[in-house]
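Shown next, in structure tokens, is the structure this report addresses.
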Amino acid sequence: MEQAETQRTERFLTAFNRIERHLKHATGLPDHEPMTAAMRRFFRQQPEWRRLENPLHAFRELRNLIVHERYDPYTYLAVPSETVTQQIEQTARALEHPKRADQTYGRPVLVLDGEDPLERFLDEAVRQADIDQVPVYQDGTFAGLLTGWDATRWWAQANMGADAASVPVKRLLNSEPAPDRVVFIARDASDITVRSAFEQLPGLVCALITEAGRRDAKPVGIATAYDLVAVSVT
């Protein structure tokens with residue numbers, strides 16, 4: 001076996017051991033318990049990480065093949081590829097040092113007051129290609145989400161011409177908003193919690209990151225489905 005293959009295999013095993021140690025520590029299981037028990041308890045206690053369940057099972061099977069099927073020290077019947085080795089190392093880092101929601105998705109958020117005219121939304125949001133979901137607050141509490149599609153549809157139906165620009169944005173908000181359209185997530189929650197919310201709620205438009213995940217606080221960040229495409233889990 002070439003030295004590079006041996007080193008790669010040892011890197012894989014080191015990362016695997018870090019993951020196993022983390023799962024047992026997080027779940028309070030002693031070292032002699034099998035990793036499968038730690039995985040079951042971990043994903044039950046922290047379901048937001050469940051998307052790692054299949055990769056961890058695959059890593060465990062490969063680890064067992066490497067450890068139990070070698071016929072000489074540092075001579076393995078199976079050698080992980082560089083891609084797989086990097087993936088398990090990234091997974092270990094993500095579990096040990098998860099990023100906070102505000103670290104990944106924190107950014108200035110355009111917030112409108114319910115009394116603001118539609119013209120302000122058109123000027124400050126629609127004009128900017130990267131802003132299309134704008135939270136609207138009334139009396140310090142989240143009142144609804146306004147999107148470019150909402151504004152365009154309302155304008156077409158209102159038939160008010162130029163006068164529509166002066167209408168308060170609160171009139172554009174649906175009095176019976178669709179459920180699960182917006183979620184609020186605490187800024188110190190892990191960023192995997194944000195991704196998990198989109199996976200569990202197919203109709204979710206955005207996640208607003210606030211101080212304690214409350215709807216009566218202004219957002220310090222926002223995540224949309226488009227953001228998740230550019231953000232790696234690990």
Residue order, fewest to most beta carbons within 10 Å, for 66, 222, 209: 66, 222, 209
Shape of segment 74-122, Cα gyration tensor, a/c cut at 1.5: prolate
Pair-distance profile P(r), taking every C-alpha pair of the chain, with 10 angstrom steps and integer %: 7, 26, 24, 17, 13, 9, 4, 1, 0
Crossing angle, helix 191-200 versus the chain [Cα axis fit, 0-90 degrees, rounded to tens]: 70
Mean shadow area of segment 3-93 over all directions, Cα convex hull, nm²: 5.8
Options 32, 158, 205, ranked by Cα towards positive dipole end of the chain, top entry (Cβ charges): 32
Principal-axis tilt of helix 53-68 within the chain, Cα atoms, nearest 10 degrees: 10
Under 19 Å from residue 170, Cα to Cα: aspartates and glutamates that are on another chain or at least 8 residues apart: 113, 115, 116, 119, 123, 124, 132, 139, 150, 216
In nm, spacing of pseudo-spin labels at residue 107 and residue 167 (7 Å Cα→C-beta vector): 2.9
With Cα atoms, 0 to 90° folded angle of helix 3-27 axis to the chain main axis: 60
Net charge dipole size for the chain [Lys, Arg +1 and Asp, Glu -1 on Cβ; Debye, nearest 20]: 580
Kirkwood hydrodynamic radius (C-alpha pairs) into Stokes-Einstein, segment 103-230, 10 °C and 1.306 mPa s, D in µm²/s: 105
Burial ordering of 25, 32, fewest other beta-carbon atoms within 10 Å first: 32, 25
Cβ-based exposure ranking for 154, 149, 49, in which fewest neighbours within 10 Å come first: 149, 154, 49
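None of the figures in this text is laboratory data; all of them are computed from the coordinates on show. Nothing here was measured: the structure is a model prediction, and the numbers come from that model. Ideal geometry is used to build each Cβ from the backbone, glycine not excepted, and the neighbour counts take in all protein chains shown.
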